[in-house]
Each structure stands twice: as C-alpha cells, then as structure tokens.
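The values are calculated or read from the model by the stated rules, or taken from the named source; none is laboratory data. As the structure is a computational prediction, the values presented were derived from the model and not from experiment. Note: ideal-geometry Cβ built from the backbone for every residue, glycine included; neighbour counts use all protein chains shown. Remember, those area values only see protein heavy atoms, side chains included, never the ligands or the DNA or RNA. Shrake-Rupley method; radii C 1.70, N 1.55, O 1.52, S 1.80 Å.
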Amino acid sequence: MNLALRDIRHHRGRFVLTSIGLGLLLGVVISMGGIYRGLVADAMAILQSTGADLWVVQQNTNGPFAESSRIQEDLRYRIAAVPGVAQAAPLSFQSVQIERRGKPFRFFLIGYDYRPGLGLGGPPALIAGRPIAQKHYQMVVSQAMNMPLGDTIHLGLHDYTVVGITGKLVSSSGDPVAFVTLADAQDIQFKQENNAIRNDRARLDAWVAGLPGLGGAQERMLKARLAGLTESTHTVNTVVARLAPGAELGRIKAVIGRWNHLRALSTEEQVEILTKGMIEKARMQLGMFRIILLVISGVIISLIIYTSTLDKIRVIATLKLIGSQNRVIVAMILQQSLLMGLIAYFTGYVLVRLTHKNFPRRIELVPLDLQVLFVIVLVICTVASLVGIRKAMRVDPAEALGG
Amino acid sequence: MFAVEIAHLTKVYGQGETKVVAIADASFQVVPGELIAILGPSGSGKTTLLTSIGLINEPSQGRVVIDGQLLADDGWLPGVDLKRVRREKLGFIFQHHNLIPFLTALENVMVALEINGHSRAAAKARALELLAALNLSRRPHNYPAALSGGEAQRVAIARALANRPKVILADEPTAALDTENGKNVMAMLKQIAVENRSAVLVVTHDQRMVEGFDRIFEVRDGRIVKESKG
Ligand SMILES: Nc1ncnc2c1ncn2[C@@H]1O[C@H](COP(=O)(O)OP(=O)(O)OP(=O)(O)O)[C@@H](O)[C@H]1O
Ligand SMILES: [Mg+2]
C-alpha cells in the first residue's frame, strides 16, 4: 500500500493545484532555457546559412555581426586570388525599420551577389517562388516577414517585389531576414535622394573653391575625386570566402591579415565572437533567473512538504507506535515531494511545448537541457523533503496517545 | 513463560524541582490469555506504566520482559529493535482510535500487516477476516471520519490484533464511547484474551467496566497499591 498516494488522494485538490502552480514556475524556467538556446540559434543562423570558411572584415573590428565593418567591394578579387581560396564574395548587412500597415516593421537586409556560381551567403533553400534573377528590384524574404509572393515593399528610393520565400531565418537580434542583390542593398544603404546629392555636391564644391592656391584644373580634378568618393556605394560589410579542399586556413588568414586594413576571421572565431561577446550577458541573465526560480520552487516544495508533514504528526506517531520502519515514513514524505516535482515538471513542459511557437522570440527546446532540468528538479525535491523528513524522524511515538 | 514481566519498574520524569515519579518500583507478571485491568485516578501513572510496557516510554529503572525477551534493564537494552518487537508482539488500542485518517477501515488494518512483511493480498485477506469478526464487514471502505466512535474503536482493535500479538495494551479504550459500546469493547477484549491467548492489559478508571477481569491492579501515585481477583 502506498501511503504517499493515499494521503494525496485524501486531499488531492490542494496537492494538484500546488503542483500545477509549481508547474507554471518550471514552465518559465524551461522557456528561459529555450530562449537562451533560441538566442544562440538565431545568432548563428546567418553565419551557418552563409557557409563560408573565412570572413574578411575591417581591421580591428569584430564585424560584421558584432560591430560595423566597412571594406571595399572589389577586395573580393584580391581575396579570390590568394592561393587556397576557392571562391570569395561580398556581403552587405543592414537593419531596416520601416512603417508597414501602420506599424513599425523591422527586418535585416542582406545584399549578396545574386549571379549563380559567383555569390555566397544568398538565401537558403526556397519554399516558394524562385531566386533573384535580375540585378534590381527583386527580393527574397524569409517566412517570418509574412509577405506573399508578388508583394512589394518600398525601400530607399524604389519598390522591391517579393519573388521568393525562404524558410525561417533571422538575424542575431531575432529580426526576420530579407535578401536583395548587392547593388540594391548598396543603393538602399547609401544612395541619397537627388536633392540631397545636389546639396552635398554644392557644399563640397564651395569648400574646394575656398581652398587657397588651387588652379582651375586642380580644382576640377579634386571636385571629381571627392564626388566619386562621397557618392561611391561600392562598400560592403564583409567579403566571405570558401577554401579549396586541403587549403590551410591559418596560412590564408595570416596572408590576408598582413594586408592593410583587413582582418580575416574563421567561422570558429565568429562563433566565439557571437557566443562570448553578444550572448554571454543574456546567458548569465537568463541563467540567474533560472537559478532564482529553481530556488523558489525548492523553497515552496520544502514548505509544502514540511506543512503536510506537520499535518501528519499524529499519523507518523501512530505509524511509529505500531512499529513502522523509518523507511516507510521516509518513503511517504519523499515520494510526495518527488511526485509534486514530477507533476510540476510535466505541467511546465507540456505548457511550453504547446505554446513555444507563439513566443515573440524563438524558443529552442533542447532535449539535453530538459533532461538536465528534470534531474535537477528531482534533486531539488529530494533536498526539499529533508526538512519534513527530519521533522518526521523526531516525532515521538508517544505523541499518538494524546487526545 | 510470561507474556509480560516487569520488575522494579520505575519511571521518573524531569529533574530537580519538576521531578515526577510517575511509576515507582512496579513488579508483576502476566501469563498469556490473562485479562488484566489497571485502575487508578487521573495522574496516578497508568498510562506511563502501559507505555513503558509498550516500549514507547523508556523506563528509568527496572526491567521489562516481553514474551521472554529482556528489553529494558535500567533503560533500553542496547541493540534491540524495539519497533520490530512492537509490530510483532504488541497491539495497541487507545482512547482515541488513532486510525490514519487518509486510509479506509480496511487499509488501516492492512497497514499493520504490510509493515510486518505480509504481502498485499495476504494482508487484505487477513484484514477482511478481522473486520468480519468485529462485525465491520459492511464498511470496509469507509474512512475513519465516516465511522461511528464504536466502529472506529473496533477498527482500531482489528488493527491491534492484526499480527496476532502476544500482548495487547489498551489505554482507556472505552472512555470515548457510550456505556453500551464500552461494554461491547470490553467484551471483545475478554474474548480476544481467551481465543487468541494474548495477555490483555486494559487501563481504565471506570470501576464498572472491570467485571470479569482475571486480575485488577490499583495504582496510586505511581505505586501498585492493591491487586485483586476480578
Ligand atoms: N511526558 C511527561 N513529562 C513529564 N511528566 C509527565 C509526562 N507524562 C506524564 N507525566 C506525569 O506523570 C504522572 C503520571 O501520568 P500518567 O499520564 O501516567 O497518568 P494517568 O494515570 O494515565 O492519568 P489519566 O488517567 O489522566 O490518563 C502525572 O503526574 C503526569 O503529570
Ligand atoms: Mg492516561
């Protein structure tokens, strides 16, 4: 006969409600773990879908995800010429926030070389439509953008039409991703309205004209160079490269690193930058909350088990009186505690399972995390029951006699 | 061999100012099947005597022997599993039935059997048999709260009898019952003594309840002052 279950059966309402309450708490713990895993997965998503071996960025930066990095587009040819590099292609990244249907709408825009066989870092497998096929005004969006094929969106100076939809892909800050050609991305990023260009040009011209001691020809040349520089849109955030089989990553990194103004990062280094730098704080924050919530759960379980032991002092005394072994009494208390933990854990788990798709940020439920939490919950329940067990062990069988 | 044997049993509570000698130098022997009444006014030490014999109250001095096994000799004998002796050889009945509120009548009897190593099926069979013998077959699945005082006390008796104990200790088993139910319980205890060959020690302060007992001990201020035949 299981005394723990009989006791619970006697006031199952209280027990079940408490367990479910704890389940909500554990649900938060589970989802926080899931949010952290989601953050990691989101942060790595673009890195992984790009599939490059090498990321060339501006010197002294951790670009392009953690910091802004600007390099010249035509470096791709120099990088491609390094022995061991199989392919190199430029990428441009920018966060865009526009107004859509009266609401702010944020997404992450990637510009890539759309020409088949020449680009890297374009959209992963499409689930609808087709890839970008021309240099301008076409767009591939990720599912999360909620844009049907044929929909248009106004960016910078032009309208862009959705021609393809790719699966769920988000930026490291969780925004959905859209792809345009590199030329379009540069336009959207750098090209100003004609009026603004005219203003800037007039300002520069006035400044050049004001410089003393310039001849007419020099002045004209300077104006043209300055206009070329300031109006140039041939800047990208990174050039990514794939290495030929058997190529030595370290050597190629060193070669590129020796060039002025550049830094070459391996995929591992990017992972390191993303996890250590960007997610570490979130990890610690979430981890701390999880620990606090688990401690609270432990305290609650321990209080409940303790008070339910107090309620049973007479029962425990009677059991001792009629000669029950200590293990019978310990098992009764411990099993209740464990059962409470089990119900709470599965309540929390089912809750998160059913709702995790509806969270604003991705919740990634990793089996190992869930298993570890399960063991932790069991340990907490065991420890929490000790106070009650200690109390029970001290009960004098003579206490069963009183009226 | 005696079922119960006490010699120079003394129990002192507290020290110094608060010292109370609850039992002073009590000695007697009880044979199997004997029905003993312990009579005395409130505070005379009846419960203390019973709980010392029942191995839940450590004697200060003197000896306690149950079924030939020496258990206390100026305090518990070291290395003895008192719980085991209690569950195998002793049965307890109290003024308040002390049933476990979250177990049914049947389960209350079964639990005493299961902790003594009986299988669930064996425990159930024996418990049903006991409930039937105590005229409780109609309510095996009632919780104690849904039993009358007399029924609850009979379930408690069934539990005390479960492991066929050598000794049954009853402390005011009729105090919470009306006269008729009280008489019934006493009659059952007599029957048990005869049929089970158990030594039955019943504490009471109701003179009218002790007719038909084999011997009556009268206790005053912790001393057995009179022993008489019933
Ligand atoms: N745990 C204890 N600590 C200190 N003194 C106690 C304790 N238990 C009993 N006593 C004292 O020992 C004496 C005998 O008590 P006991 O309970 O044995 O009397 P009793 O004959 O059973 O009385 P009643 O008829 O009221 O049940 C009393 O003076 C009581 O105050
Ligand atoms: Mg008493």
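Structure summary
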quantity	calculated
Helices (runs of 4 or more DSSP H) wholly inside the stretch A:259-355 containing at least 3 residues that are open to solvent by 70 Å² or more (accessible area, probe 1.4 Å) and away from chain B (no Cβ under 14 Å)	A:280-311, A:326-355
Residue that is most open to solvent (accessible area, probe 1.4 Å) [pool: residues in the stretch B:75-105 that are within 10 Å of chain A (Cβ to nearest Cβ) and part of a helix (DSSP H, G or I)]	B:Arg84
Within the stretch B:50-74, considering residues that are in a strand (DSSP E or B), away from ligand 1 (no atom under 16 Å from the Cβ) and in contact (Cβ under 8 Å) with a residue 12 or more places away in the chain, the one nearest to the chain's Cα centre (by Cα)	B:Ile66
Qualifying residue in the stretch A:392-401 (condition: hydrophobic (A, V, I, L, M, F, W, C), loosely packed, with under 14 Cβ neighbours inside 10 Å, within 14 Å of chain B (Cβ to nearest Cβ) and touching a helix residue (DSSP H, G or I) at 6+ places or on another chain (Cβ under 9 Å))	yes
Subset of the stretch B:137-174 [within 16 Å of ligand 2 (Cβ to nearest atom), in contact with a helix residue (DSSP H, G or I) (Cβ under 8 Å, 6 or more places away or on another chain) and within 13 Å of chain A (Cβ to nearest Cβ)]	B:Leu169, B:Ala170, B:Asp171, B:Pro173
Test: residue in the stretch B:67-74 that is buried (at least 22 other Cβ atoms within 10 Å of the Cβ) and away from chain A (no Cβ under 14 Å)	yes
Selection count, the stretch A:28-52, where residues are outside any helix (DSSP H, G or I) and hydroxyl-bearing (Ser, Thr, Tyr)	0
Hey, A:Ile363 in a helix (DSSP H, G or I) and either surrounded by 18 or more Cβ atoms within 10 Å (Cβ to Cβ) or within 14 Å of chain B (Cβ to nearest Cβ) (or both) or not	no
Residue in the stretch B:151-168 that is surrounded by fewer than 23 Cβ atoms within 10 Å (Cβ to Cβ), within 16 Å of ligand 1 (Cβ to nearest atom) and not polar (S, T, N, Q) present	no
Unmet criterion (only one of (1) within 15 Å of ligand 2 (Cβ to nearest atom); (2) in contact with a strand residue (DSSP E or B) (Cβ under 9 Å, 6 or more places away or on another chain)) for B:Pro32	(1)
Condition check for A:Ala224: assigned by TED's automatic domain parsing to the domain that holds A:Leu109 and either touching a helix residue (DSSP H, G or I) at 6+ places or on another chain (Cβ under 7 Å) or among the hydroxyl-bearing types (Ser, Thr, Tyr) (or both)	no
Residue in the stretch A:10-30 that is more than 14 Å from every other protein chain (Cβ to nearest Cβ), open to solvent by 50 Å² or more (accessible area, probe 1.4 Å), closer than 30 Å to B:Lys124 by Cα and not basic (Lys, Arg) present	yes
Which numbered condition B:Ile53 misses (of (1) open to solvent by 50 Å² or more (accessible area, probe 1.4 Å); (2) within 16 Å of ligand 2 (Cβ to nearest atom))	(1)
Subset of the stretch B:187-215 (residues that are within 15 Å of ligand 1 (Cβ to nearest atom), outside any helix (DSSP H, G or I) and surrounded by fewer than 22 Cβ atoms within 10 Å (Cβ to Cβ))	B:His205, B:Asp206
Residue within the stretch B:109-127 that is part of a helix (DSSP H, G or I), open to solvent by 10 Å² or more (accessible area, probe 1.4 Å), within 25 Å of B:Val21 (Cα to Cα) and of a type outside the set (Asp, Glu) present	no
Those residues of the stretch A:154-167 which are in contact (Cβ under 8 Å) with a residue 40 or more places away in the chain and either open to solvent by less than 10 Å² (accessible area, probe 1.4 Å) or not in a strand (DSSP E or B) (or both), in sequence order	A:Leu155, A:Gly164, A:Thr166, A:Gly167
Complete set of residues in the stretch B:1-20 that are over 19 Å from B:Val85 (Cβ atoms) and within 16 Å of ligand 2 (Cβ to nearest atom)	B:Tyr13, B:Val20
Flag for B:Glu34 being over 22 Å from B:Ile168 (Cα atoms), more than 8 Å from ligand 1 (Cβ to nearest atom) and charged (D, E, K, R)	no
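Residues checked against (1) β-branched (Val, Ile, Thr); (2) within 13 Å of chain A (Cβ to nearest Cβ); (3) in contact (Cβ under 8 Å) with a residue 24 or more places away in the chain; (4) surrounded by 22 or more Cβ atoms within 10 Å (Cβ to Cβ):
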site: B:Val20; (1), (2), (3), (4): yes, no, no, no
site: B:Ala24; (1), (2), (3), (4): no, no, yes, no
site: B:Ser27; (1), (2), (3), (4): no, no, yes, no
site: B:Leu35; (1), (2), (3), (4): no, no, yes, yes
site: B:Gly43; (1), (2), (3), (4): no, no, no, no
site: B:Lys46; (1), (2), (3), (4): no, yes, yes, yes
